[in-house]
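See below for the structure under consideration.
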Amino acid sequence: MARSTIVKNRAGVAFGTVLVFSLLFFYVAPIIQLYEANGYLVNFFPVEVDGVVWANLVVFIFLSVFQIVYMRNMKKRPKSLFSATDGQVSMMLPVFIMLTVVMAFWGLYVVRDSRLLIGDIGEAGASGFLILRHKTLFMIPFFTAAFYMLLKKERRSLVVLGGLILCVMATKNIFLDRRNALGPLYISMVFFYFYWIRMSARNVFLIATPGLIIGFPILSIFINNKASSWSYMFTFSNVVKEISGHFNDIHYDAWANIVAMITFVREGGFQMGHQILGSILFFVPRDFWSDKPVSSGEMLGEYLLSYYNLWFTNISFSYPAEGYVDFGVLGIAVYSAILALYSKRLDWFAVNGTIVERISATYFAFYLFFVLRGPLLPAVAYGVGAYAALNVIPFLLSRLAMRQSDQQVPQHAVR
């Protein structure tokens, strides 16, 4: 069924994201990690046969339910919560360009002043100001460049487009964001420019897979080393070393953490919705909610740090594991079905929506890489910030454009 879905181009970008993530994180990475395990996984959890079997069963249930639900035909056109027509946004394009330039200068200022860098904002969540700045305001240049890119070719200027892309690079780079935030954005821009009429899972597989296997390891050289050392660190031998060892790196700990999570639940029991509640109510200050849960990754990280010699708690916690840690096997099935319906919705808008809807749907389809790897709490918090930039702000400005347009219409004289 999956082969037919992909080959016949019946699946969209969100389906392709789930496919690529599952292939790399739940299939290739576990095989390599188990082959080189020496008794321990990448998260320092001991290899146990029952844990491995249960982890594979969790993945199997997740993918099976996802595919079955995704393949169901959509009965009616989905509705957009914040809709803005292409004409209304086009009227406000000068305003977006002005905001983009302002954000670009702000981004360069933040990079220049190292005291203002986002740094490692942690899995428990960043301050409200950091989320507003990096996940909402600094997303405006991306929206502007994407909207301008998707306008009809006769209305585009390559000079203006090039300038907008430079503004995107000023606000979205390795100094201001991590790879999980940069990947969805730049892959989306590649699709907007080259594949906007072919938003298919097949093209996602062909573009995203090499990017994750080759592009991300190369980025690690720049992210994990000081800028002064880049000239001699970026060598062919180091690139080959990063690529060859990437799947056995802690960045691919999603499957290994499912194995550890099985034992964690066996010893401590299910969370019964405590974790998902924390993700949904991420905006509630801890001062008002004394027992507000930390992210699932930090929760499991504390467990591994206490009993299995892991030295940090900033670890991943995959989407199917979020369902299991709260509600068991039923949670996996329900979470998977919700993801399938959401993916189907994204794939519809990515092809059939307005320009604003297509930008948002494509970005969030690739953002599923972050959601799937987890934890869910920061993925939801940062996703809400991006949603405000890609949907709410265009909607509000389009309302302003429509109001100005109505005021310019001459009124009939009263007799």
**Request:** Net charge near Ala84: determine it from the other residues with C-beta under 9 Å of the C-beta of Ala84, scoring Lys and Arg +1 and Asp and Glu -1.
**Result:** -1
**Asked** What is the magnitude of the charge dipole of region 264-360 about its Cα centre, with +1 placed on the Cβ of each Lys and Arg, -1 on the Cβ of each Asp and Glu, and no other charges, expressed in debye to the nearest 20?
**Response** 260
**Item:** Taking region 265-415 and dividing mean pair separation by its residue count, relative contact order in percent (alpha carbons under 8 Å, at least six apart)
**Value:** 25
**Message:** For a Förster distance of 56 Å, can you work out the FRET efficiency between the beta-carbons of Arg156 and Tyr307, rounded to the nearest 0.05?
**Reply:** 0.45
**Asked** Using heavy-atom solvent-accessible surface (probe 1.4 Å) with all chains present, what is the largest-first order of Glu357, Glu302?
**Response** Glu302, Glu357
**Asked** Between Met98 and Arg72, what is the FRET efficiency for a Förster distance of 60 Å, r being their Cβ-Cβ separation, to the nearest 0.05?
**Response** 0.85
**Prompt:** So for region 244-351, taking the charge dipole from beta-carbon charges (+1 Lys/Arg, -1 Asp/Glu), which of Gly278, Leu330, Leu300 sits furthest toward the positive end?
**Reply:** Leu330
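The values are calculated or read from the model by the stated rules, or taken from the named source; none is laboratory data. Just so we're clear, the structure is a prediction, and the values are computed from it rather than from any experiment. Please note: Cβ atoms are built from the backbone with ideal geometry, for glycine as well, and neighbour counts cover all protein chains shown. Ligands, DNA and RNA are stripped out before the accessible areas are found, and what is left, the full protein with its side chains, is counted by its heavy atoms. Shrake-Rupley method; radii C 1.70, N 1.55, O 1.52, S 1.80 Å.
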